[in-house]
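I have placed the structure first, in the form of C-alpha cells, so that the comments after it can refer back to it.
The values are calculated or read from the model by the stated rules, or taken from the named source; none is laboratory data. Predicted, not measured: the structure shown is a model, and the values here were computed from it. Cβ: placed from backbone, ideal geometry, glycine included. Neighbour counts: every protein chain shown.
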Amino acid sequence: MKFTLSWLKDHLDTEASLDDVVEALTMIGLEVEAVTDPGAALKAFRIAKVLTADKHPNADKLRLLSVDAGLGEPVQVVCGAPNARAGLVGVFASPGTVIPSSGEALAVGTIRGVESRGMMCSERELLLSDEHTGIIELPEDAPVGVSFADYRGGSDPVIEIAITPNRPDCLGVRGIARDLAARGLGRLKPDPVEMIPGSFPNPIPVELRFTEETASACPVFAARVVKGVRNGPSPQWMQDRLKAIGLRPISALVDITNYVSYDRGRPLHVYDAAKITGTLHARLGREGESFVALDGRTYAVDAEACVIADDAGVLGFGGIMGGEASGSTEATTDVLIESAWFDPNRTARTGRRFGINSDARYRFERGVDPAFVLAGLELATRMVMDLCGGEPSEAIMAGQPPISVKVIDFPLSEVKRLSGLDLPATEITATLEALGFEVSGFGDARTVTVPSWRPDVEGKADLVEEVVRIVGLDRVKTTPLPRLQSVGAKVLTPIQIRTRRAKRTLAARGLVEAVTWSFVKKTEAELFGGGAPALALANPISADMSDMRPSLIPGLAAAVRRNVARGFDDVALFEVGQVFAGTRPEDQFTAATAVRRGTSGLVGAGRHWAGTAEAVGVYDAKADALALLDQLGFDVARAQVARGAPSWFHPGRSGTIQLGPQTVLGWFGELHPAVLDSLDVAGPIVAAEILLERIPLPKDKGSRTKPPLAASDLMPVVRDFAFVVDDGVEAARIVKAALGAAKPLVTDVSVFDVYRGEHVGAGRKSVAIAVTLTPTDRTLTEDDIEAVSKSVVAAVAKATGATLRG
Amino acid sequence: MSDLTSLETEILSAVDAAADEASLEAVRVAALGKKGSVSDLLKTLGAMSPDERRTRGAAINETKDRVAAAIQARRDVLKRAALEARLARETLDVTLPVRPGPLAEGRIHPISQVIDEITAIFADMGFAVAEGPDIETDHYNFTALNFPADHPAREMHDTFFFNPGEDGSRLLLRTHTSPVQIRTMESQRPPIRVIIPGRTYRCDSDATHTPMFHQVEGLVIDRHSHFGHLKWVLEEFLKAFFEVESVKTRFRPSFFPFTEPSMEVDVGCRRSGSEIRIGEGDDWLEILGCGMVHPNVIRNCGLDPDEYQGFAWGMGIDRIAMLKYGMPDLRAFFDADVRWLKHYGFRPLDLPSLFGGLTG
C-alpha cells in the first residue's frame, strides 16, 4: 500500500514530521517498507526562459539557445527539440545535475563544434511521463530561476507500507490516518459523505440473481447513472497522486474509481451505460460463458465465479475485474457507477483460479467495509460530477449490505492478563474509541462494539492487541519466566539423543555432515525403493525435487557427484535426517547415513608416504554402521549381519544388520554399479544406513549402577587355529561355533587371517582365528587347554565342515 | 711389590684401550674372573705367613678394587657412547607430514550445531524439544492454527501439496513448524514449554529463499505467562545465542493467524560492510515473529482460553546461523560442497553447552 504525505494530510490534521509519521506507522503495525521522494530528484532543475533561438551553424536540426535560468548571465545551450523557440519557458538542467531518466550527471558538451552548457528537459527525461516529442513548456509567467520541484508544489514523499492480511481498513488512506490519530499523531479530519439527490430515476435496472445458498456471493449491489459526462484526462493533482503510487492515469472516470479505492479502500467499477443491454445483474457464471477483461485476456467463467452480467451476457468478474466491452472510454457520455460487496472467500478463490491480481480483488478478499457501499457510491458520484460534469440519476440498491454488528464482552483486566501491561481504564477505552470502537459499561466489565471496517476483530485478544499496539509495546515490562524446577531435567527424547549422537559419531569418524533436500528426482526415488504416487509432490519446484526421499543415499550420492565435478574425488559425507516410507507420521523415519567415495577411509584418503589409502569397500561401510550402533548404546554382538541388502547395493558386497528377519536396523555395502550409472556418478561408493527408530530402546533398569567388574586374576590363554573351509562359508559361522564351543572359558574369538591360494586348493580358503580362554578359578593345565582346543575344532567342524589346516 | 704395580698398570691400560663393552668384558674376565690375573694373586695368599698375608692381601685387594672401579667407569663411558651412536642412527625426519585423523576431518553442519546451541539455551529455561512430521494435513498446518479457509494468509505460504487422496483431502509439506504446537497441546497438559526445531518447506526459490529451510518454534502454555514473559524469554535467548552482554529489541505489531496480539521483533545491530553485529549499533534487523497464542488455537486444542494462555514464537534457524557465523548465501547450506562444509562446519567434539560456552 502506497500513499503520499499530502494525501495522508487530506485525512489527518497533523504537524508531525515525515520521520515521526514513519516511526509511528511502523510501531503501530503498519510497517514502512520504503519512503521515496520523487520531488527530491527535481530539486536541482530550474525554471528557465529561452531568450533567443538561433540556427546551429553546423546542423540544420539543432538550435543554439540563449537561456535565462536566473543565474545572472544567459547560458548557451544546444537543443534539438522541435518546439525550442524564443520566449518558451521550460525546465533547465545545469551541468552536474543528475538526469532521472539516465541516472547520470549532465556534462558540459560540445555538439557539432558548439559548446552546450546545460539542457532544456523533456518530461521523459524527468520521468514525469513518456512525453519526449519536445521540451517541457510551462506557462509564460512561471518564475524563472525557481527550483522546478518547488514550482510543482514542493516535495510529496511517497510512503510504502506492508499491510498484513488482517487490516483491510488500512488499504485506504483514511484508515491509516485513523490509526495514526489514535496513536496521537494528529486529528482525524471529519469527512461526512454528501448525499447527492438524483434528478431522474435510474434507467438501468439492477438485480441480484442467486439462490439462498449462493446469495452470500454478492449480498448488495448499488448503482447509479450519471448522464452527459465528458470523460477526458483527470486533473493534474489526481494524476500526480496516482502516478506517485505507481498507477497509470487512464481517464477521469477510471482514475476516480482507482482514487476512491486507495483513498477509502472502496473498490468501484464504471460502465459505459450505453453498452449495457437490459438488466444489470450479479449472479454465478455459467459454463460456456466468457468475456474479454480489462487486461485484454479472455476468461471462460465457471459456475463458482461471481459475475456481473446484462441480458446479453457476462460483462466481468464481480469484485475482481471488469470487461473491456462494457468499460468506459473517452467517448462515454453516460456512465453507470457500481458499488457492491463481494464475498471475500469466493473472490479469493476465483481470483486464484483465474490468476488475476487486481486492486479490487486484493481489497474484497480481505474484507471491504460493508457499511460504506452507498457512501462510496455517493463519493464517486460527487467526483464524477466535479471532474466530468453530468447529471446524476437516483441511486438504487439491490439487496442489503451484510452488516453484522459484533459486540464483545471485554473485561478490561484482559489487557493485563495477556500483555502484562497495567493501564488505567480511561486509557484503554480512549484508545479503543479513537479507533472507532464503541465502549459501554462500567468498572472492569465493558462491552465493545466493533466498527464495520474491522472484520479482523473477533474477540478479547484482538481488543488487547488494538490497545497495546496503539499505546506502545515498548511499555510492556520485561518479566522473567519463573523456573519450573531448580535444576533442569533432561529434555531430549531417546530419538533426539540418538540423532545428536549419530551426527557426532559419524563426524568423529571423519565424515562431513551434509544437509540435502528432503525431495529427490522421481527416478532416484524409484531406484531406492520409493517413488510411490502418494509421496510425489503435486507442485514440485523442479523435476529434480519431485518425490519425498525414501533414503538419504540418493541425495548424498548426488552431493558426491557435485563434489567430484569440482575436483574432489575422495569424499566422505553423512546426513542424519528424515526419510519417508509413506505419508503417515509413523511412516517417517530418521536415517543416519554415511557415504564414502574413492579412498576416503577412516584413516585418511589419498596417497601418503606412510601408506597410500586403498579404495573404500564394503568393510568401511560395515565399520561405520557398527560404530554407529555401538555409540547409540546398542550391543553390536546382538546384531545379525546377513548377506545381501536391498537392490541398490552390490548383491555380493553388502549386508543387512538385523535382530531377526522382521527387525532390520539398516544396511551397508558398495552401491550397485548399475545404480551408480543411473545416478551418473563414478564409484566406488560405499554406504551405511541405519534407521534410528528401529534400534530397540534399552530397558530402564531403574538404577545407574553398573554390574561389578568380574576381572580374573588368572592370565588368559590364547590359542590360534587355522581352518580350511569352502569359500562360501561365512567367517561369522566359524567365530560363532568357536565362541559356543566351551562356555564360559572361551571369552573372545578374533579372525586374524584369511588366505586363499594353492596351499588350500581351489574353491577353499583358510580362516585363522585366535581363541582367548579366560580361566576363572584355577590356572589351566596343558590337559585343560588340549580338551578345550578339541572341542573348538569339533564345534567348528560340525558347524562348517572345516578341517584344521595341516 | 713392583710386580703388583706393573700388573695394575697393565690392566688399567687394557681397560682404557677397550673399544666396546665386549672387549671390556674380556679385560674384566682376564683380571677379575675366576682365573684372572688378580684372582690368581689372591690365591697365593694361602701360602703366606699371617703378617705377610695381611700386608700383601690388603695391597692385592686395593688393586682389585681400583681395577673394578676403572672397569665400571669405562663401561659407563662405553654404554653412553653406544646409546649416543644408536640415537644418532635412529634419527627420523619429524617434518614429514602425518595423517590428521578422522576427528580432524569430520564436520558438523552449522544447522545441527545451531540447533544444539538453541537447545542448550532453552533447556536451561525448562523447555523440552518437540518434533512432528514433515508431511502434514491441512488441519494441523492451517485450520487448527486459525487460518480461515481461502484466507490470503494461506496463499502467502506457497505450500507444497501432494495429490488429493480418495476423499479429496490434500496432504502438504508443512510450511512452518507451528503444526507441532497443536500436536503438542493435544498430547500433553499444561504447563507446556517446548521448542520445536525442524525442516519446513515453501514453494519458493531465489537468492534468499530455498524450497526447504529450518525453523525453530517456541511455545509456552500455562495460566499466567504474558507478553512481558515473552519479551524476557526472547531477549535472554538472543543474548545467550549471540553471546553478547546485552541486546536491544523492538517489538512491532504484526499479524499471524495463530497469535493475537502478534509481533515481529527487530534486534539492534550494527552493519559494517557485509558483517552484521548483533548487540551493537543503532540499526534494526528483523529476526523473528511472535505473539500470544490465539484463543481459537487454544480452543482448537481442547483447552479453555479464559483459563489457559501463553505465547509462541518462530524464527529461521538458517537465518540466525548466517547472522551469527557470517555465511553469506542460504543456498550453500544445502549444496554439500565439502569446501563450504569444512570451512563453516564445526568439529565433532565442539559440543555446545552453557557450562562450557556455546562456542567454547
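The single condition among (1) of a type in the set (Asp, Glu); (2) within 14 Å of another protein chain (Cβ to nearest Cβ); (3) in contact with a Phe, Trp or Tyr (Cβ under 8 Å, 6 or more places away or on another chain) that A:GLU304 does not meet is (3).
For every residue, the table says whether it meets (1) on the phi > 0 side of the Ramachandran plot; (2) modelled with pLDDT under 95; (3) touching a Cys at 6+ places or on another chain (Cβ under 8 Å); (4) hydrophobic (A, V, I, L, M, F, W, C).
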| residue | (1), (2), (3), (4) |
| --- | --- |
| A:LEU692 | no, no, no, yes |
| A:LYS701 | no, yes, no, no |
| A:ALA710 | no, yes, no, yes |
| A:MET715 | no, yes, no, yes |
| A:LEU739 | no, yes, no, yes |
| A:ALA770 | no, no, no, yes |
| A:ALA787 | no, yes, no, yes |
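Of all the criteria given as (1) in contact (Cβ under 8 Å) with a residue 24 or more places away in the chain; (2) assigned to a helix (DSSP H, G or I); (3) crowded, with 22+ Cβ neighbours inside 10 Å; (4) within 14 Å of chain B (Cβ to nearest Cβ), the one not satisfied by A:GLY319 is (2). Tell me, please, whether a residue that is within 13 Å of chain A (Cβ to nearest Cβ) and either loosely packed, with under 12 Cβ neighbours inside 10 Å or among the acidic types (Asp, Glu) (or both) can be found in the range B:65-82. No, that holds for no residue.
Taken over the range A:41-72, the criterion of being of a type in the set (Gly, Ala, Ser) and assigned to a strand (DSSP E or B) is satisfied by A:ALA48, A:ALA53, A:ALA59, A:SER66. Do we have any residue at all in the range B:29-41 that's loosely packed, with under 13 Cβ neighbours inside 10 Å, away from every other protein chain (no Cβ under 14 Å) and of a type in the set (Gly, Ala, Ser)? No, the range B:29-41 contains no residue that is loosely packed, with under 13 Cβ neighbours inside 10 Å, away from every other protein chain (no Cβ under 14 Å) and of a type in the set (Gly, Ala, Ser). B:ARG74 meets all of the listed conditions (1) among the charged types (D, E, K, R); (2) more than 40 Å from the chain's Cα centre (by Cα); (3) under 30 Å from A:GLN578 (Cα atoms) but one, namely (3). Looking at A:GLU524, A:GLU466, just one residue is surrounded by 22 or more Cβ atoms within 10 Å (Cβ to Cβ), acidic (Asp, Glu), under 30 Å from B:PHE160 (Cα atoms) and more than 7 Å from chain B (Cβ to nearest Cβ), and that residue is A:GLU524. Tell me which of these B:ILE320 doesn't satisfy, since it passes every other one: (1) of a type outside the set (Asp, Glu); (2) in contact (Cβ under 8 Å) with a residue 60 or more places away in the chain; (3) not assigned by TED's automatic domain parsing to the domain that holds B:LYS231. B:ILE320 satisfies every listed condition except (3).
Give the residue that is nearest to the other protein chains (Cβ to nearest Cβ), with candidates limited to residues of the range B:83-104 that are among the acidic types (Asp, Glu) and surrounded by fewer than 10 Cβ atoms within 10 Å (Cβ to Cβ). Of everything passing the filter in the range B:83-104, B:ASP93 is nearest to the other protein chains (Cβ to nearest Cβ). Within the range B:135-151, the set of residues being surrounded by 21 or more Cβ atoms within 10 Å (Cβ to Cβ) and within 7 Å of chain A (Cβ to nearest Cβ) comprises B:ILE135 only. Looking at A:ARG504, A:ARG498, A:ARG509, A:ARG483, just one residue is within 13 Å of chain B (Cβ to nearest Cβ) and under 22 Å from B:GLN309 (Cα atoms), and that residue is A:ARG483.
Considering the range A:74-97 alone, what residues qualify as being hydrophobic (A, V, I, L, M, F, W, C) and surrounded by 14 or more Cβ atoms within 10 Å (Cβ to Cβ)? Answer for the range A:74-97, where residues must be hydrophobic (A, V, I, L, M, F, W, C) and surrounded by 14 or more Cβ atoms within 10 Å (Cβ to Cβ): A:VAL75, A:VAL77, A:VAL78, A:CYS79, A:ALA81, A:ALA84, A:LEU88, A:VAL89, A:VAL91, A:PHE92, A:ALA93. Of all residues in the range A:361-371, exactly one satisfies the criterion of being away from chain B (no Cβ under 14 Å), out of contact with any strand residue (DSSP E or B) (no Cβ under 6 Å at 6 or more places or on another chain) and either surrounded by fewer than 23 Cβ atoms within 10 Å (Cβ to Cβ) or more than 17 Å from A:ARG454 (Cβ to Cβ) (or both), namely A:ALA371.
The single residue among A:ALA722, A:ALA795 that is touching a residue at least 12 places away in the same chain (Cβ under 8 Å), over 60 Å from the mean Cα position of the chain (by Cα) and not in a helix (DSSP H, G or I) turns out to be A:ALA722. Filtering the range B:221-241 for residues that are among the β-branched types (Val, Ile, Thr), outside any strand (DSSP E or B), modelled with pLDDT of 95 or more and surrounded by 19 or more Cβ atoms within 10 Å (Cβ to Cβ) leaves a non-empty set. Could you go through the range B:256-269 and let me know if any residue there is farther than 18 Å from B:ILE320 by Cβ and either in contact with a Lys or Arg (Cβ under 7 Å, 6 or more places away or on another chain) or not assigned by TED's automatic domain parsing to the domain that holds B:ILE182 (or both). Yes, because at least one residue in the range B:256-269 is farther than 18 Å from B:ILE320 by Cβ and either in contact with a Lys or Arg (Cβ under 7 Å, 6 or more places away or on another chain) or not assigned by TED's automatic domain parsing to the domain that holds B:ILE182 (or both).
Can you find a residue that is facing another protein chain (nearest Cβ under 7 Å), in contact with a Pro (Cβ under 9 Å, 6 or more places away or on another chain) and either surrounded by fewer than 21 Cβ atoms within 10 Å (Cβ to Cβ) or modelled with pLDDT of 95 or more (or both) anywhere in the range B:264-285?
no
Within the range B:218-236, if we keep just the residues that are touching a residue at least 60 places away in the same chain (Cβ under 8 Å), within 11 Å of another protein chain (Cβ to nearest Cβ) and among the hydrophobic types (A, V, I, L, M, F, W, C), the residue that is nearest to B:ALA321 (Cα to Cα) turns out to be B:LEU234. Scanning the range B:132-182 for residues that are in a helix (DSSP H, G or I) and over 37 Å from the mean Cα position of the chain (by Cα) returns B:ASP138, B:HIS139, B:THR143, B:ALA144, B:LEU145, B:PRO152, B:ALA153, B:ARG154, B:GLU155. Looking at the range A:556-652, the strands (runs of 3 or more DSSP E) lying wholly inside it that each contain 2 or more residues that are more than 8 Å from chain B (Cβ to nearest Cβ) and either of a type in the set (Lys, Arg) or closer than 30 Å to B:LEU172 by Cα (or both) sit at A:572-580, A:588-597. Restricting the range A:534-546 to residues that are closer than 25 Å to B:ASP167 by Cβ and facing another protein chain (nearest Cβ under 10 Å), the residue that is surrounded by the most Cβ atoms within 10 Å (Cβ to Cβ) is A:LEU535. Report yes if some residue within the range A:690-703 is surrounded by 10 or more Cβ atoms within 10 Å (Cβ to Cβ) and among the hydroxyl-bearing types (Ser, Thr, Tyr); otherwise report no. No, the range A:690-703 contains no residue that is surrounded by 10 or more Cβ atoms within 10 Å (Cβ to Cβ) and among the hydroxyl-bearing types (Ser, Thr, Tyr).
Give all pairs with beta carbons closer than 8 Å in which a residue from the range B:71-90 that is within 28 Å of B:VAL38 (Cα to Cα) meets a residue that is of a type in the set (Lys, Arg) and surrounded by 13 or more Cβ atoms within 10 Å (Cβ to Cβ); count only pairs at least 6 apart in sequence or on separate chains. From residues that are within 28 Å of B:VAL38 (Cα to Cα), the pairs are B:ILE71/B:ARG28. When the residues of the range A:229-250 are filtered to those that are touching a residue at least 12 places away in the same chain (Cβ under 8 Å) and out of contact with any helix residue (DSSP H, G or I) (no Cβ under 9 Å at 6 or more places or on another chain), the one that is farthest from A:MET385 (Cα to Cα) is A:GLY246.
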